[in-house]
Each structure stands twice: as C-alpha cells, then as structure tokens.
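Notes for the one structure printed next.
The values are calculated or read from the model by the stated rules, or taken from the named source; none is laboratory data. Just so it is clear, the model here is predicted, and its values are computed rather than measured. Cβ coordinates were reconstructed from backbone atoms using ideal geometry, including for glycine residues, and neighbour counts include every protein chain displayed. Surface accessibility is based on the protein's heavy atoms, side chains included, excluding ligands, DNA and RNA. Shrake-Rupley method; radii C 1.70, N 1.55, O 1.52, S 1.80 Å.
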Amino acid sequence: YDVLLPDSHGHGLSGGQLVTFGLREKYDVLDWVRWMRVAGCTRIYALGESLGASVLIQTAAVSPVFAAIVAECAYVDLRTIAEYRVAERLHLPRTLSSIAARLIVSTGMTYARVRYGLDLTEASPLSAIRRSRTPILLIHGTNDEKTPVTHSKRLYAASPFAVLWLVPNANHTAASSAAPEEFRRRVLGW
C-alpha cells in the first residue's frame, strides 16, 4: 500500500483559517486523488474519521474517485451536529438548550453566508450519500457522545451501497481501540 495522510484546511500543518465542513475540502480531496494517480496509484481507498469521514462522503458525491470508503463516526449534516454539540455545552434544560442551540447555529450559518459567502447548509453527507454509488463502510461506536450513533444509522438507511458496523462500547472514533482485530479485518476486507 501507498498511504497519503493529509491535513485538511485549518488542521494540523495545513494552512487556511476556515474549516468549511466539506464545502471546499471535498475539492482538496479530489486534488489529492489526482496527485496520487499521477504518482501511479490506480485503486484508491479512503478512510476518514468524524469530520474526515463526512468530507469523504461528500467527495464521493462529486466524483466516483474511490474504490471504497470507510467512514467512522460521520454526521448527517452540519446543522444537525452543530445544534447537538452546542446544546450539549449549554447545560440548560433540554427544551431551552435545543431552542438556544438552533438560534446560535442559525446565526453562525447566516454570518458565514454574509461574511464568507459560504452556505453551510450544503455541508450534508446525508444528501451526498444519496447521490453516491461508492461502497461505504460506516463504522460507529455505540458509546459515541460527540456524534450520536443515529447519524450513521441515517446515512446507512439512505444508501444501498453502504454497510453499517456498530461497535459495542466504542467512543467517538475509537472502534479500532474497542475491537482492534475486527476493525482490521473489516477495514482491510472492505
């Protein structure tokens, strides 16, 4: 195997101030794939976790460049996961927390549209997986508190090309730690 381990915009050693949750990053992924093909790679597989998994799913809807994808702990769309995570941090009664989270996220998305010209409502792996024919192995830990397992269940239900593996007792992006042998077998087999 040849392996490419890139950092997305605004992460690690990559430049860039904005994380666009797949809107722009999916085109970076396509550039990486083109670079790999020039380097002689003929069959390209992708593995991503959390945001990386969500970006890969969105990439597959733009162009079928992957033989298969492994996506661990992907979310269905930015609005849904953002509202969930904001509500979790507010420490208010559930109803108030949900209302406040919707308002905060909506305001942030409006700001991104006005300030940067970004329509973050389009950051939707759920919409993308419906348009993709790429085989996708969805992996999700049953103890994930950052991205509820319902996200992967919804992605799975939206695609006849997806397979879902729920990993008992695994936290967010921790399937390989919770079930190392099965993780290796399933990922390499996929």
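Some points to look at:
- Residue count for the stretch 67-77, restricted to those that are surrounded by 21 or more Cβ atoms within 10 Å (Cβ to Cβ) and either assigned to a loop (DSSP other than H, G, I, E, B) or out of contact with any Pro (no Cβ under 9 Å at 6 or more places or on another chain) (or both): 7.
- Considered as a group, the residues in the stretch 120-147 that are under 13 Å from the mean Cα position of the chain (by Cα) and assigned to a loop (DSSP other than H, G, I, E, B) include one that is surrounded by the most Cβ atoms within 10 Å (Cβ to Cβ), and that residue is Ala123.
- Taking each residue of the stretch 99-123 that is more than 25 Å from Ile57 (Cβ to Cβ) and looking for partners that are of a type in the set (A, V, I, L, M, F, W, C) and assigned to a helix (DSSP H, G or I) with beta-carbon atoms closer than 8 Å, six or more apart or interchain, yields Ala100/Val86; Ala100/Ala87; Ala100/Leu90; Ile104/Val86.
- Out of Ala82, Ala46, Ala60, one residue alone is among the aliphatic types (A, V, I, L, M), in a helix (DSSP H, G or I), open to solvent by 10 Å² or more (accessible area, probe 1.4 Å) and on the phi < 0 side of the Ramachandran plot. It is Ala82.
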